Amino acid sequence: MLKALKKTSLFARGALAAVLLIAPFSGYQRADAFTAANADTAMNSFVNTFYDASAKYFYTNSDHLIHSEHASGPNGGLYTDFWWEAQLWETVMDAYERTGSSTYRTMIDDIYTGFNAKYPDMMLNDFNDDLGWWALACMRAYEITGTAEYRNRASFLFDQIWSDWDSTYGGGIWWKRDGTSPQKNMATNAPMIMTAIKLKTATGNADYLSKAQTMYTWIKSRLVNGSKVNDHVEGSGSGTVVDWDFTYNYGTFLGAALAMNQATGTSSYLTDAHTAAAYVMDKMTLSYSLMYEGENDSPGFKMVFARNLNQLRLATGNTSYLNFLQQNATQAFNHRRASDGIIDSDWTAPARSGYIQSIAAGAGASILQLVPADNYTGPIAGNGIYDAENARLYGINNESSQPGFTGRGYTAGWNTNNTRIEFHVNQNSASTRTISFRYAAGAGNAGRYVKVNGTVISNNLIFTSTGGWSNWNTVTLNVPLNAGYNSIEIGYDTAKGNNNYLNLDKMTGL
């Protein structure tokens, strides 16, 4: 799915790792959500901006122009590519299941028709994860509509993808069928488990359950380490596990675990699902809002996680999952763009003025379709914990090699001009707050500037030496904050007297 992007621009932001657990579901302020009208508005804005009814297909970008940033779909990239269209097809299904609208019911069939017109031979796509997303979406469409064509297409795709299972790395389905970029990943294998269980339910064929169990045993043994869901295995011999953190890996794994639990009644699968959910909610958020993961494919990761978390919510009645999804839905809607109502890739900050990609807008529209509204429309301040590795990073890497950090790691290596961290902070009311930065300064005293909403609050905030990189301390600063959105930036600038290395763990006190 991510192709070269997964290995370049996303990972350049730093190795994403985790070692310490914190108490799950802790510290959220309240389960404030949105109105049913907000959900309608979000979906209408998304469809009005991106859906081409004549082509029965979604545009890639809100300006309906081709941009080199992501130009891999039909008509030179004018329309969305394989896996984006599968996710956006499910966005329409999200809306249909919430509303029962005949408009969305018609769109379910139309989008399938439009996709087949653009891709008359799906097997020309060498990426098994792309095919797998369509197999899974087809089974959902079958469950909604009862149309046999959707089930038959899912069964065909499943068989084609399953043929790329072999014993390399102990099992698993290859990411690509043409032998290039050899790896076996979570994004290919976990969705296939969900598809297999759906096919077993639809057909009564126990072979699907057997294959699902085989796949689950493999991903659990090779790609899951405690609470950590890793991305893929690659290389020679027994292979090397690559431990990148992406929310959709946790989402697909918890979805697969839930499907296995529902198919077998085995409680350990449900434990696995809850563990994966807790990891994201505890460690891949910025003050309880799902973190920004990048552009292009990356905004779709939140959509996959939210859909599967919602299924876990429905199956278990877990109110913490409801709280989490409602707050994220409100956060996304609060930061929609005023001009056209669409939601951007970062749910914690106002949408940009330029073009927005359909996968990002679709993710925002989807989460508002998933959970019931409670009619609150104010700011979402979250739990006040801002892990630095989950903020917007500019020229800074993430690390996790020094002990004592919280979350998934810390930011490190930023000692050149213009390297900086931007925290997006949302507050219920205007006030002056005392914020605390947790840090390690093992090379001696370090200085950094701090800006709040573009205004310099401190030219050279001193982080006193901690005497070693495994020793952690805090420094505090009073900052004025507005009601609603705020930006807190901490950065390096020698003109302001800043110097030395600094590892920053988190910001709290908000």
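Tabulated data
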{"item": "Residues of the range 218-256 that turn out to be farther than 17 Å from Gly132 by Cα, aliphatic (A, V, I, L, M) and within 20 Å of the chain's Cα centre (by Cα), as a count", "result": "4"}
{"item": "Tabulated pairs, the range 149-163, first more than 20 Å from Asp110 (Cα to Cα) and open to solvent by 50 Å² or more (accessible area, probe 1.4 Å), second of a type in the set (Lys, Arg) and part of a helix (DSSP H, G or I), C-beta under 9 angstrom, 6+ apart or interchain", "result": "Trp162/Lys211"}
{"item": "Pair list, Cβ under 6 Å, 6 or more apart: the range 184-198 residue under 14 Å from Trp83 (Cβ atoms), other residue assigned to a helix (DSSP H, G or I) and among the acidic types (Asp, Glu)", "result": "Ala187/Asp129; Thr188/Asp129"}
{"item": "Set Asn390, Asn418: member being more than 23 Å from the chain's Cα centre (by Cα) and under 30 Å from Ala71 (Cβ atoms)", "result": "Asn418"}
{"item": "All positions within the range 101-145 that are open to solvent by 50 Å² or more (accessible area, probe 1.4 Å) and either small (Gly, Ala, Ser) or free of Cβ contacts under 8 Å to residues at least 12 places away in the same chain (or both)", "result": "Ser102, Thr103, Thr106, Ala117, Pro120, Asp121, Leu124"}
{"item": "Exclusive hit being under 21 Å from Gly484 (Cβ atoms) and at pLDDT below 95, set Asn397, Asn428", "result": "Asn428"}
{"item": "Test: residue in the range 279-297 that is open to solvent by less than 20 Å² (accessible area, probe 1.4 Å) and of a type in the set (Lys, Arg)", "result": "yes"}
{"item": "Residue, farthest from Ser287 (Cα to Cα), within the range 382-403, restricted to residues that are open to solvent by less than 10 Å² (accessible area, probe 1.4 Å) and hydrophobic (A, V, I, L, M, F, W, C)", "result": "Ile396"}
{"item": "Those residues of the range 252-279 which are over 19 Å from Gly317 (Cβ atoms) and either in contact with a Pro (Cβ under 8 Å, 6 or more places away or on another chain) or of a type in the set (Gly, Ala, Ser) (or both), in sequence order", "result": "Thr252, Ala256, Ala263, Ser268"}
{"item": "Residues of the range 320-335 classified as surrounded by fewer than 21 Cβ atoms within 10 Å (Cβ to Cβ) and free of Cβ contacts under 8 Å to residues at least 60 places away in the same chain, total", "result": "0"}
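Conditions tested, residue by residue: (1) open to solvent by 50 Å² or more (accessible area, probe 1.4 Å); (2) touching a residue at least 24 places away in the same chain (Cβ under 8 Å); (3) part of a loop (DSSP other than H, G, I, E, B).
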{"position": "Phe405", "(1), (2), (3)": "no, yes, yes"}
{"position": "Asn415", "(1), (2), (3)": "no, yes, yes"}
{"position": "Ile421", "(1), (2), (3)": "no, yes, no"}
{"position": "Ser429", "(1), (2), (3)": "yes, yes, yes"}
{"position": "Tyr439", "(1), (2), (3)": "no, yes, no"}
{"position": "Arg448", "(1), (2), (3)": "no, yes, no"}
{"position": "Ile457", "(1), (2), (3)": "yes, no, no"}
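Condition check ((1) open to solvent by 50 Å² or more (accessible area, probe 1.4 Å); (2) farther than 30 Å from Asn397 by Cβ; (3) modelled with pLDDT under 50) across all residues:
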| residue | (1), (2), (3) |
| --- | --- |
| Ala12 | yes, no, yes |
| Val19 | yes, no, yes |
| Pro24 | yes, no, yes |
| Ala33 | no, yes, no |
| Ala39 | no, yes, no |
| Ser45 | no, yes, no |
| Leu65 | yes, yes, no |
| Glu69 | yes, no, no |
| Gly77 | no, yes, no |
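The values are calculated or read from the model by the stated rules, or taken from the named source; none is laboratory data. Bear in mind the structure is a predicted one, so any value in this text is a computation, not a measurement. Glycine gets a Cβ as well: all are built from the backbone with ideal geometry, and neighbour counts include every protein chain shown. Note: areas computed on protein heavy atoms with side chains; ligands, DNA, RNA excluded. Shrake-Rupley method; radii C 1.70, N 1.55, O 1.52, S 1.80 Å.
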